[in-house]
Amino acid sequence: QDPIGDGDDATSEGVFVFTDAAPTVQVGDVALVRGTVREFRPGEPDGGNLTITQIADPTVRVLFNSDFFLPRPTLIGSEGRQPPTEIIDNDAVEGNAENPETVFDPDEDGLDFYESLEGMLVQVDDAVAIAPSNRFGEVYVLPNNGENATIRTPRGGLVRRENDFNPERIQIDTSLTDAAPAVNAGDRFDSITGVLDYSFGNFEVLTTSPLSVTPGGLSPETTSLTPGDNQLTVASYNVLALSPDDEEQIEAIAQQIVNHLRSPDILGLQEIEDNNGEVDDGTVDASETYTALIDAIALRVVRAMSFEICRLWIVKTDFRAPISAPVFCLTLNG
């Protein structure tokens with residue numbers, strides 16, 4: 001990244017340098033880089049991703065090292081660059097954001113806003129999480145405690161409405177620094193610093209230091225509905241690629257089903273992995289996974305129960321983690 005820049009918010013001061021091997025440069029190195037500028041499209045040509053500007057086939061000569069020349073991170077939020085709050089892109093010519101005739105408008109279009117920061121060191125102050133961390137090490141936050149966001153949910157989420165696609169939501173990726181901390185909606189962060197990257201169809205901040213999380217105090221909801229002689233209770237639960245080997249997650253889900261969903265009569269589950277977890281060898285039998293969950297539920301219920309698998313589907317595998325993900329409906333007969 002250019003430590004000084006050109007003063008134009010519409011142009012990024014950073015660029016990705018693609019090397020065929022692990023580079024030897026260190027943070028703070030001042031370097032002379034020569035190479036070919038290219039627009040690389042991940043998964044090309046049909047990956048559906050935007051291109052990433054990069055310098056390919058580079059020669060890199062380190063001039064000297066000095067933390068003094070590190071660029072100051074660009075603030076994303078009310079004290080710096082304020083992201084748009086409604087529009088992702090509304091002026092793509094022929095539906096193509098990369099059409100040369102498409103207007104580049106970082107003040108209005110979220111896509112262009114983050115493009116203008118691609119490859120740069122950025123900082124998000126007083127970030128608040130709007131959803132739990134996921135299995136890819138990602139957390140979704142709003143800057144400045146969400147003060148400039150559009151409609152929030154009572155439990156801290158962000159409402160998507162017609163013509164409001166929430167580009168102010170920032171994806172945080174901790175894969176460069178450490179495993180993603182356990183984060184829930186409403187948890188807060190003093191400051192998040194990292195490099196603005198593009199990966200798997202999303203702009204994201206790759207953190208350069210571990211996250212420090214302050215719990216927001218959100219507690220799980222408990223349904224007021226209970227099974228009875230004259231009514232059935234029905235619930236749906238996405239178990240997020242549950243593997244038969246993930247005993248801790250199985251125990252946690254069973255506890256939530258019994259204590260917070262109050263053991264519904266019919267329970268629809270999504271993302272049950274097959275018996276060998278993430279190994280993609282053609283196995284589609286998930287009996288070990290759902291049996292482990294059934295056993296964990298049975299240990300926690302007070303009333304006598306029998307269990308029946310009423311239907312099984314195989315759903316599309318996730319391209320980020322190739323797994324078989326059956327979906328099934330579980331009936332709990334009291």
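Observations, loosely collected:
- Candidates Ser219, Ser209, filtered to the one that is part of a loop (DSSP other than H, G, I, E, B), farther than 30 Å from Gly48 by Cβ and more than 21 Å from the chain's Cα centre (by Cα): Ser219
- Whichever residue in the stretch 222-241 is in contact with a strand residue (DSSP E or B) (Cβ under 8 Å, 6 or more places away or on another chain) and assigned to a strand (DSSP E or B) and, among such residues, is surrounded by the most Cβ atoms within 10 Å (Cβ to Cβ): Val239
- Conditions (1) touching a residue at least 12 places away in the same chain (Cβ under 8 Å); (2) of a type outside the set (Asp, Glu); (3) surrounded by fewer than 17 Cβ atoms within 10 Å (Cβ to Cβ); (4) touching a Ser or Thr at 6+ places or on another chain (Cβ under 6 Å): number failed by Arg135: (4)
- Members of the stretch 47-82 that are surrounded by 14 or more Cβ atoms within 10 Å (Cβ to Cβ), of a type in the set (S, T, N, Q) and in a strand (DSSP E or B): Thr53, Gln54, Asn65, Thr74
- Only one of the listed residues (Gly43, Gly7, Gly95) is at pLDDT 90 or above and at positive phi. That residue is Gly7.
- Per the conditions (1) modelled with pLDDT of 95 or more; (2) over 30 Å from Val239 (Cβ atoms), the sole criterion not satisfied by Pro100 is (1).
- Residues (surrounded by 18 or more Cβ atoms within 10 Å (Cβ to Cβ) and not in a loop (DSSP other than H, G, I, E, B)) located in the stretch 88-122: Asp109, Gly110, Leu111, Asp112, Phe113, Tyr114, Glu115, Leu121, Val122
- Tally of residues being over 15 Å from Glu288 (Cβ atoms) and touching a helix residue (DSSP H, G or I) at 6+ places or on another chain (Cβ under 9 Å) across the stretch 234-251: 4
- Candidates in the stretch 153-196 are the residues that are basic (Lys, Arg) and out of contact with any strand residue (DSSP E or B) (no Cβ under 6 Å at 6 or more places or on another chain); of these, the one that is nearest to Ile76 (Cα to Cα) is Arg160.
- Residue in the stretch 197-213 that is surrounded by fewer than 18 Cβ atoms within 10 Å (Cβ to Cβ), touching a Lys or Arg at 6+ places or on another chain (Cβ under 9 Å) and closer than 25 Å to Leu111 by Cβ present: yes
- Whenever a residue of the stretch 206-232 is under 30 Å from Gly194 (Cα atoms), its partners that are surrounded by 10 or more Cβ atoms within 10 Å (Cβ to Cβ) and among the basic types (Lys, Arg), lying with C-beta atoms within less than 9 angstrom and at least six residues away or across chains, give the pairs Val213/Arg188; Thr214/Arg188; Pro215/Arg188; Gly216/Arg188; Leu218/Arg155.
The values are calculated or read from the model by the stated rules, or taken from the named source; none is laboratory data. Quantities reported herein were computed from a predicted structural model and do not represent experimental measurements. For neighbour counting, all protein chains shown are included, and Cβ atoms are generated from backbone atoms with ideal geometry for every residue, glycine included.
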